[in-house]
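Following: one structure in structure tokens, then a few remarks.
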Amino acid sequence: MLVVPLIERKRDGGALTPEEWSALVAAYTDGRIPDYQMAALLMAVLLRGLERHELAALTDAMLASGQRLAFDSWPTPRVDKHSTGGVGDKVSLVLTPLVAACGVAVPMMSGRGLGHTGGTLDKLEAIPGFRTVLSLAEIRAQVMKIGCAMIGQTPEIAPADRRIYALRDVTGTVEAIPLIAASIMSKKLAEGLNALVLDVKRGSGAFLPALEQSLELARTMIALGEDRGCPTVALLTAMDRPLGRACGNALETEEAILALRGEGPEDLMEVTYALGVEMLLAAGVEKTSKKARHRLENALGSGLAAEKFERMIEAQGGNPGVVEDASVLAQAKEVEVYKAPRTGVVVRVEPKVIGRAVVAMGGGRLKVEDPVDPTVEALAQAIVVADKLTAKPLPLVSHRVTKSGVEELTRPDSGRTSRSPR
Ligand code: URA
């Protein structure tokens, strides 16, 4: 196929037809189009954007490049959650078994850490033996038996996204709203879901920090989901500071386990419950936010959610004893307390700096002969101590976006989240 005229048309602000997108994606996935031509086209998309019909065609073509999870006539509702990525964000580890314990199946497909953000798969793999690579048949059987599975993108699902994503990663074309939306939704729509809940991060530690960009990404993904018969709702949540207290794979897994045992930090629980409420409402197992929240709290308080996590770990080859005894997780050889450089209050903890420090440590780039411990350097840079709070942090859960519009969940005077009764 002749790709140059298509690149030129996009470069000059024109649109490709659905047939052209479909042929392009199929040819690239089969290796019939070289990376350099696809990279040029992706850059043109980043600069020029996509029209709605183009985005739909691209997403459909990526979805059609692979297989889908099919649950046939199985009556249990299936809902997944997707986060656009953050630091300290271990919500998926708590939410998946928690929602499954409430009678909603969660076939969760997650990714690895990207840039400064952590990845759910990396956190799960901190559990000795845990397998994140399952075949579609294994995922289906496990979800139908236990109610949840947490896995990586299988080679069968949206292979076009795998190739395109890897190319974007090395060509400066990750931060394009239509490309992010097509990438995420092509995978999520392959999961055989009844509904999808999105956690769109905003703030300095998010890939798209500005509120307007987060809203646009949310709206774009919602339109893609809804148009394809998958009701989709998004919450905008704060990523101007790390979520919870722990950052780093094993530490975050430990914190998630504590959360499932009822000892989670307040911010982590607030975001988890807010997303869980949306999942139960979307699944239709509860009619009001209040009832959904109660159901989630009961599932957690009764130990059902922790038990679900144990069963899932066991089914995926991991050591389920980790839920009782988190010391099964890898432990740091040395622990050092970082002392505040001055008296005062912590006014800021910059997630990007913390995230990069975690990546650097996990990447094995620390050498014993380093003169200064970069972790300490990073903490000094990330944690700002001053006499008093200078700016208010972002509200934890600030907006709810649906196909009908955007609902602001914060009261301007209190800075606390509130929700209009449903
Ligand atoms: N996550 C994805 O799966 N794709 C993107 O493009 C960005 C985040």
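The values are calculated or read from the model by the stated rules, or taken from the named source; none is laboratory data. In this text, all values refer to a predicted model and were calculated from it rather than measured experimentally. Heads up, the Cβs are rebuilt from the backbone with ideal geometry, glycines too, and the neighbour counts pull from every protein chain shown. Areas reflect the complete protein model, heavy atoms only, side chains present, ligands, DNA and RNA absent. Shrake-Rupley method; radii C 1.70, N 1.55, O 1.52, S 1.80 Å.
Observations, loosely collected:
- Residue within the stretch 145-152 that is open to solvent by 10 Å² or more (accessible area, probe 1.4 Å), within 9 Å of the ligand (Cβ to nearest atom) and touching a residue at least 12 places away in the same chain (Cβ under 8 Å) present: no
- The stretch 100-136 - residue that is in a loop (DSSP other than H, G, I, E, B) and within 16 Å of the ligand (Cβ to nearest atom) and, of those, nearest to Glu175 (Cα to Cα): Gly115
- Looking only at the stretch 27-53, residues that are touching a residue at least 40 places away in the same chain (Cβ under 8 Å) and of a type outside the set (Ser, Thr, Tyr) come to 10 in all.
- Which numbered condition Glu286 fails, given (1) in a helix (DSSP H, G or I); (2) farther than 30 Å from Arg356 by Cβ: (1)
- Those residues of the stretch 37-95 which are away from the ligand (no atom under 16 Å from the Cβ), open to solvent by 10 Å² or more (accessible area, probe 1.4 Å) and under 18 Å from Glu156 (Cβ atoms), in sequence order: Asp60, Ala64, Gln67, Arg68, Leu69, Ala70, Asp72, Arg78
- Residue in the stretch 218-227 that is open to solvent by less than 10 Å² (accessible area, probe 1.4 Å), among the small types (Gly, Ala, Ser) and modelled with pLDDT of 95 or more present: yes
- Entirely in the stretch 153-262, the helices (runs of 4 or more DSSP H) that have 1 or more residues that are polar (S, T, N, Q) and within 16 Å of the ligand (Cβ to nearest atom): 177-188, 211-227
- Residue match in the stretch 358-372 (condition: under 24 Å from Glu216 (Cβ atoms) and modelled with pLDDT under 95): no
- Just one residue in the set Glu254, Glu278, Glu270 is within 19 Å of the chain's Cα centre (by Cα) and farther than 24 Å from Val323 by Cβ; that residue is Glu278.
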